[in-house]
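Below you'll find the structure, written out as structure tokens, and then a few comments.
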Amino acid sequence: MAHRIDSTANPELAKQFVAGLRSADVSVVALGEGTTTLDLSFMLKGRHKGTYRDLSWMRGAPATGPVRASLQGSHLDATIYARDAASRSLAWTGAIACTVQTDDMNALAEGLGAAVGRALGQTVPKANL
């Protein structure tokens, strides 16, 4: 990750996010050891509006009932920037849009990691647009 995904959120959520990446067959190594870095941006629309570079919008786990309930039904846009680790040049950009349907923050973090991992490097042919 270009920025620590757990910089202000519960470290367990970051572990779940990385577990999701790995479940999508993405190799995760220590910073400085890989060939690609990821930079993520999350935009949340709902009761908790904002743009984030980590999982702080999830408020950590376990989240209280009101926080969990307020995230459910929120719209989430995630943008993924994959950069060459050596040159820092942008190699790929992807976007995921979804509606939060769970109140389990660990499952949400793992699901987002898996979605990012599955999307990473994918291309949509122009004919499909």
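For the range 75-96, what are the residues that are in contact with a helix residue (DSSP H, G or I) (Cβ under 9 Å, 6 or more places away or on another chain) and under 18 Å from residue 47 (Cβ atoms)? Lay out the reasoning, then the answer.
Filtering the range 75-96 down to residues in contact with a helix residue (DSSP H, G or I) (Cβ under 9 Å, 6 or more places away or on another chain) leaves 76, 78, 80, 94-96.
Correct list: 76 only.
Going by what's in this entry, would residue 97 be described as aliphatic (A, V, I, L, M) and either surrounded by 13 or more Cβ atoms within 10 Å (Cβ to Cβ) or modelled with pLDDT under 90 (or both)? Walk me through it before giving the result.
Working: aliphatic (A, V, I, L, M): yes; either surrounded by 13 or more Cβ atoms within 10 Å (Cβ to Cβ) or modelled with pLDDT under 90 (or both): no.
The answer is no for residue 97.
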**OP:** Count, please, the residues in the range 16-51 that happen to be charged (D, E, K, R), in contact (Cβ under 8 Å) with a residue 60 or more places away in the chain and surrounded by 14 or more Cβ atoms within 10 Å (Cβ to Cβ).
**Re:** 1
Original post:
In the range 45-58, what residues are of a type in the set (A, V, I, L, M) and either at pLDDT 90 or above or more than 20 Å from residue 94 (Cβ to Cβ) (or both)?
Top reply: 58
Subject >> Subset tally (residues that are part of a loop (DSSP other than H, G, I, E, B) and either open to solvent by less than 40 Å² (accessible area, probe 1.4 Å) or in contact with a helix residue (DSSP H, G or I) (Cβ under 6 Å, 6 or more places away or on another chain) (or both)) for the range 100-123 >> reply: 3
**OP:** Kindly check whether there is at least one residue in the range 73-91 that is within 16 Å of the chain's Cα centre (by Cα), loosely packed, with under 15 Cβ neighbours inside 10 Å and under 16 Å from residue 13 (Cβ atoms).
**Re:** no
Subject >> Some residue of the range 63-84 being at pLDDT below 80 and in a loop (DSSP other than H, G, I, E, B) >> reply: yes
Original post:
Cβ-Cβ below 7 Å, separation at least six or inter-chain, first residue in the range 97-115 and over 15 Å from residue 45 (Cβ atoms), second of a type in the set (Val, Ile, Thr) and surrounded by fewer than 18 Cβ atoms within 10 Å (Cβ to Cβ): which pairs?
Top reply: 108/102; 115/96
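The values are calculated or read from the model by the stated rules, or taken from the named source; none is laboratory data. For clarity, every value in this text was computed on a predicted model and none was experimentally measured. With ideal geometry, Cβ positions are generated from the backbone for all residues, glycine too; neighbour counts draw on all protein chains shown. Only protein heavy atoms, including side chains, enter the accessible area calculation; ligands, DNA and RNA are left aside. Shrake-Rupley method; radii C 1.70, N 1.55, O 1.52, S 1.80 Å.
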